[in-house]
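The values are calculated or read from the model by the stated rules, or taken from the named source; none is laboratory data. For clarity, every value in this text was computed on a predicted model and none was experimentally measured. For neighbour counting, all protein chains shown are included, and Cβ atoms are generated from backbone atoms with ideal geometry for every residue, glycine included. For the accessible areas, the whole protein counts, side chains as well, though only heavy atoms, and no ligand, DNA or RNA atoms are used. Shrake-Rupley method; radii C 1.70, N 1.55, O 1.52, S 1.80 Å.
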Amino acid sequence: FRGLTLETCRNSAVLMKDCEGCRLEDCMVRNVGHHALIVEDGHDCGARNCTFHGMGGGGVYLVDGNRRTLEASRHFVEGCEIHHFGRWNRMYRPGVFISGVGMRAVGNSIHDCPHAAILFFGCEHLLASNEIARVCNDSNDCGAFYSGQSWLHRGNRIIGNRFHDIIGRGGKYTRTIYIDDAS
């Protein structure tokens with residue numbers, strides 16, 4: 001889908017399930033009740049050069065990849081602006097959620113939200129060249145990039161991202177990259 005504006009739905013705007021090579025390009029999703037885009041299973045699906053804002057939940061959810069064989073799904077979010085989300089579900093509804101194997105969030109601008117910019121779980125993900133600002137606004141035990149709870153999350157790469165104005169609730173500290181409960 002290219003050049004569409006999707007808005008004012010009660011649930012998520014787009015669900016791609018068991019798809020191959022599907023993507024949103026140069027689209028806008030705004031003022032939806034849940035998420036802008038959910039991608040489950042399949043491979044090589046995602047969003048490129050889109051704007052997502054005003055979601056009641058999170059931005060883009062990418063879930064797939066075989067953790068047993070480490071076969072990558074190659075789902076992606078690239079060059080997107082994701083902001084002012086988490087209106088109704090304020091915690092654990094990030095701009096980008098990644099869970100599985102071999103996905104990428106590259107060159108995005110994620111800003112102005114109550115919790116994490118990117119939550120990632122699994123293996124072999126690439127988080128690169130993103131600009132992250134004014135996130136974790138209603139949180140303290142949080143991070144702009146947030147993961148943890150498993151020693152099996154291996155091979156993830158965080159490269160060349162820019163973080164600024166990351167200040168938690170009440171002006172208290174929070175983290176830019178937080179690997180929670182992994183000690």
| Under the classification rounded if a/c is under 1.5, otherwise prolate if a/b is larger than b/c and oblate if not, where does region 85-151 fall, given a ≥ b ≥ c as square roots of the Cα gyration tensor eigenvalues? | oblate
| request: Go through Ala72, Val96, Gly21 and say which Cα lies farthest out towards the positive end of the charge dipole of region 1-123; charges sit on Cβ, +1 for Lys and Arg, -1 for Asp and Glu. | output: Val96
| query | Under the Kirkwood approximation for Rh and a Cα-based Rg, what ratio Rg/Rh is obtained for the chain? | reply | 0.95
| field | chymotrypsin sites (Phe, Trp or Tyr not before Pro) within region 28-96, DSSP loop, no more than 16 other Cβ atoms inside 10 Å | value | Trp88, Tyr92
| task | Describe numerically, in nm with one decimal, the distance between label points set 7 Å from Cα along Cα→Cβ at Ile167 and at Glu20. | result | 5.1
| note | Shape call for region 122-183, from the Cα gyration tensor axes a ≥ b ≥ c (a/c under 1.5 means rounded, otherwise prolate when a/b beats b/c, else oblate), comes out oblate
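Got the relative contact order for region 83-183 handy, in percent, Cα pairs under 8 Å and 6 or more residues apart? Before the final figure, lay out each step's value.
On the way: 268 pairs, mean separation 25.7, N = 101.
Once divided by the residue count of region 83-183, the mean separation gives 25 percent.
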| query | Ignoring ligands, DNA and RNA, what accessible area per residue does the chain give at 1.4 Å, in Å²? | reply | 47
| Using the eigenvalues of the Cα gyration tensor, what equivalent ellipsoid semi-axes result for region 2-59 when each is taken as the square root of five times the eigenvalue, whole Å, largest first? | 18, 13, 8
| query | In whole percent, how big is the carbon plus sulfur part of the accessible area of the chain, probe 1.4 Å, protein atoms only? | reply | 49
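If you average the sequence gap of Cα pairs under 8 Å that are 6 or more apart and divide by the length of region 6-56, what percent do you get for the contact order?
Numbers: 121 pairs, mean separation 22.0, N = 51.
Relative contact order here is 43 percent.
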| task | Within region 49-131, report the trypsin sites (Lys or Arg not before Pro) that DSSP leaves as loop and that have at most 14 other Cβ atoms within 10 Å. | result | Arg68
| request: Select from region 1-37 those trypsin sites (Lys or Arg not before Pro) which occupy a DSSP coil region and have at most 15 other Cβ atoms within 10 Å, ordered by residue number. | output: Arg10
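Under a Cβ-Cβ cut-off of 9 Å, what is the net charge of the residues other than Val32 that fall near it, where Lys and Arg count +1 and Asp and Glu count -1? The partial results should precede the final answer.
Working: positive: Arg10, Arg30; negative: Glu7.
Charge balance near Val32 sits at +1.
With an 8 Å cut-off on Cα pairs and a minimum separation of 6 or more residues, tell me the relative contact order of the chain in percent.
Taking the mean separation of contacting Cα pairs over the length of the chain, I get 14 percent.
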| remark: Distance in Å, no decimals, from the C-alpha centre of region 14-43 to the one of region 53-115 is 11
| field | Dipole moment magnitude, nearest 20 debye, the chain about Cα centre, only Lys, Arg, Asp, Glu C-beta charged | value | 320
